[in-house]
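A quick write-up on the structure given underneath.
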């Protein structure tokens, strides 16, 4: 089933006097009234169908909330699909940017609360934000429509974009990032690493957390643990490749080491970073599975 608009949300459909337009409008109106079980069109969205140019069309287009530029009502479905895709990508960007930003801020607050040395300096946080915004977060804007985007029921009027589900996801992911990043810093310090080495390891851990979480964020509830989820987006793969190049430059280039007070790290440390950072991918996939089961059992598919 394709959901465009609930029948109770359709107000009126105009054909502007053209015989073909009037017939199309009347046919659609009858279907809407039949679906709503009413003899009159209820209040809600007002559609206008314009075929060519006419004085009547010009006078009435301003009163419509949706204007069709052709005689094909499938245009409504295409418009709804595009709108839902844009809305989905906006939510995905929020679900990515806020948890990663929260992880950065909470890492600093945790160090202050426990009276420890800052695991990441202000300049290093600025670097992370700048590179992440240019590469990882931008890639989500190019996500294609999900398979079930047109099988979901319409979202409720006035529903906030920052829903309870997104607030939970933000808190959940932020906690994972804080634990892993701060834990990596403490681990390196306790094993005799210099402050520069430990901070470099912490910064790269946080960045790799964001890289792995980017694959989770491609789908809010659907699983990313498959070929399509990992290799299905060329912009994401390009963004990840650029992020890795930037981080290698950040870690090993002498000018960057002087500017950001970093140090070169060895292969063993990189392996530890990748293992720790990958935990966010698996934990969020488990969370998605639980939420999907909850949505299926409660009949709230597509409303989280």
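The values are calculated or read from the model by the stated rules, or taken from the named source; none is laboratory data. Owing to the predicted nature of the structure, the values given are computational and were not obtained by experimental measurement. Please note: Cβ atoms are built from the backbone with ideal geometry, for glycine as well, and neighbour counts cover all protein chains shown.
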Tell me, please, whether a residue that is in the same structural domain as residue 107 (by TED's automatic domain parsing), more than 15 Å from residue 87 (Cα to Cα), free of Cβ contacts under 8 Å to residues at least 24 places away in the same chain and in a helix (DSSP H, G or I) can be found in the stretch 135-146. no
Can you confirm whether residue 116 is assigned by TED's automatic domain parsing to the domain that holds residue 240, assigned to a loop (DSSP other than H, G, I, E, B) and modelled with pLDDT of 90 or more? yes
Could you check how many residues of the stretch 170-225 are in contact (Cβ under 8 Å) with a residue 40 or more places away in the chain, assigned to a loop (DSSP other than H, G, I, E, B) and more than 27 Å from the chain's Cα centre (by Cα)? 1
Condition broken by residue 160, with the remaining ones in (1) in a helix (DSSP H, G or I); (2) within 18 Å of the chain's Cα centre (by Cα); (3) without any contact (Cβ under 8 Å) to a residue 40 or more places away in the chain satisfied: (1)
